[in-house]
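The values are calculated or read from the model by the stated rules, or taken from the named source; none is laboratory data. Small disclaimer: the values here were computed from a predicted structure and weren't measured. So basically every Cβ, Gly included, is an ideal-geometry build from the backbone, and we count neighbours across all protein chains shown.
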Amino acid sequence: MKSPMLPADHHAAVQRALELGRFGRPEALDELVSLLAQPSNEVQRLAASAIGKLAPFGADPARAVAALAPLARTARHPQTQQYAIRALRAYGAAAAEQIRDLRDVARNPGARAYVREAAASAADALDQAAADAAARVRHRCQRCNAGLSQQEHDRAQAAFQRDYCNRCFDEVFLDRRRFEAQVELAKTVEARDGTLVQSAGERRIADWLAAHGIAYRYDAKFRILGEFQIRPDFFLPELDVYIEYWGLDTPQYKMSMYKKQTLYQQEGKRLISVYPPDLPRLDEHLTTKLRLFGFVPPAT
């Protein structure tokens, strides 16, 4: 959906929301709340996300929850609503009064599936946070739900930015080490900018992105979608876009592909899929898709 804001104003607001979300300064909350009032779905979405990121840094929870709650109940765009719901979740017990409204959203047949799922998950999390606050349990393991000591919490946050008990921490650590070793061994194809990728198709995409001045992260580690861990082929941080190259045609690969595509859809992520038949017209394919997400091709 096209923003009703002037292009220059829209770009400035988007960049400001991204900037405020990166630095974790609680004093940025007031400015982010004002950005929530902008008539742009993208600006609202990024501002809501940034407000959620401020939760661990001491942002005023009452102010944050009051600003997010209306968008969590209803928003012009479903992704904005989803991001507001997820941001509310970050405020834990402070957002417990929103549980009933979130349950209503989760039961609303008119809402997108990924919005309903986000609302149901957030309501459950806030319910647990309220119970933990009453029992003075500050953190729980995300795998087994055991209560954590402060030492376990600090250790897991430092390593994974997640909460794991010591037993689950060791299991996750070993699983990730094995998986990362397998992936790194498969990176044998070098793109023009020196990035090692796993196939000629991925090299074509990396070269195209570099040639167009688009910053990307290749095989970014363990981005979380719902309860699943994924490694997108390419993540474009400035556009908040994911690119996956589906280069194989085996039954097992296709099952994995469909599952991953479903996760992206459920989470409302901006995904561009590239298949081998797209490679001969890669410039047209990526330019057309990225235009939908705010990419402006350089003048020739």
Next item on the list: Looking only at the range 108-117, decide whether some residue is touching a Leu at 6+ places or on another chain (Cβ under 7 Å), outside any loop (DSSP other than H, G, I, E, B) and either buried (at least 22 other Cβ atoms within 10 Å of the Cβ) or at positive phi (or both).
Entry: no
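Condition first: more than 18 Å from residue 237 (Cα to Cα) and at pLDDT 85 or above. Now tell me which residues in the range 260-272 satisfy that.
Passing the criteria: 260, 261.
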Next item on the list: Kindly list, by first and then second residue, each pair from a residue in the range 121-140 that is on the phi > 0 side of the Ramachandran plot and outside any loop (DSSP other than H, G, I, E, B) to a residue that is modelled with pLDDT under 95 and among the small types (Gly, Ala, Ser), limited to pairs with Cβ atoms under 7 Å and residues at least 6 apart or on different chains.
Entry: none
Note to self: Exactly one of these conditions fails for residue 71: (1) surrounded by fewer than 21 Cβ atoms within 10 Å (Cβ to Cβ); (2) farther than 25 Å from residue 153 by Cβ; (3) not acidic (Asp, Glu). Give me its number.
What the structure shows: (1)
Margin query: Can you pull out every residue in the range 154-169 that is aliphatic (A, V, I, L, M) and crowded, with 19+ Cβ neighbours inside 10 Å?
Written below: 156
Checklist line | Residue satisfying all of: in the range 170-200; touching a helix residue (DSSP H, G or I) at 6+ places or on another chain (Cβ under 6 Å) and not in a loop (DSSP other than H, G, I, E, B); surrounded by the fewest Cβ atoms within 10 Å (Cβ to Cβ) among these | finding: 189
Notebook entry, point to check: Any idea how many residues of the range 60-82 are assigned to a helix (DSSP H, G or I) and touching a residue at least 60 places away in the same chain (Cβ under 8 Å)?
Noted result: 3
Next item on the list: Could you tell me whether any residue of the range 6-16 is surrounded by fewer than 21 Cβ atoms within 10 Å (Cβ to Cβ), assigned by TED's automatic domain parsing to the domain that holds residue 66 and at pLDDT 90 or above?
Entry: yes
Notebook entry, point to check: Out of curiosity, is residue 278 of a type in the set (Asp, Glu) and at pLDDT 95 or above?
Noted result: yes
Item checked: Single residue of 133, 186, 181, 158 found to be farther than 27 Å from residue 242 by Cα, at pLDDT below 90 and among the small types (Gly, Ala, Ser) -> 133
Check: In the set 205, 214, which member is at pLDDT 90 or above, of a type in the set (Val, Ile, Thr) and outside any helix (DSSP H, G or I)?
Finding: 214
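Here is a check on your reading of the model: is residue 216 under 26 Å from residue 268 (Cα atoms), surrounded by 12 or more Cβ atoms within 10 Å (Cβ to Cβ) and not aliphatic (A, V, I, L, M)?
Spelling it out, residue 216 is indeed under 26 Å from residue 268 (Cα atoms), surrounded by 12 or more Cβ atoms within 10 Å (Cβ to Cβ) and not aliphatic (A, V, I, L, M).
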Check: Would you say residue 249 is surrounded by fewer than 18 Cβ atoms within 10 Å (Cβ to Cβ), at pLDDT 90 or above and not in a strand (DSSP E or B)?
Finding: no
Next item on the list: Residues being more than 20 Å from residue 247 (Cβ to Cβ), part of a helix (DSSP H, G or I) and among the basic types (Lys, Arg): count how many of those fall in the range 260-300.
Entry: 1
Next item on the list: With the condition kept exactly as written, say whether any residue in the range 38-51 is loosely packed, with under 14 Cβ neighbours inside 10 Å and not assigned by TED's automatic domain parsing to the domain that holds residue 241.
Entry: yes
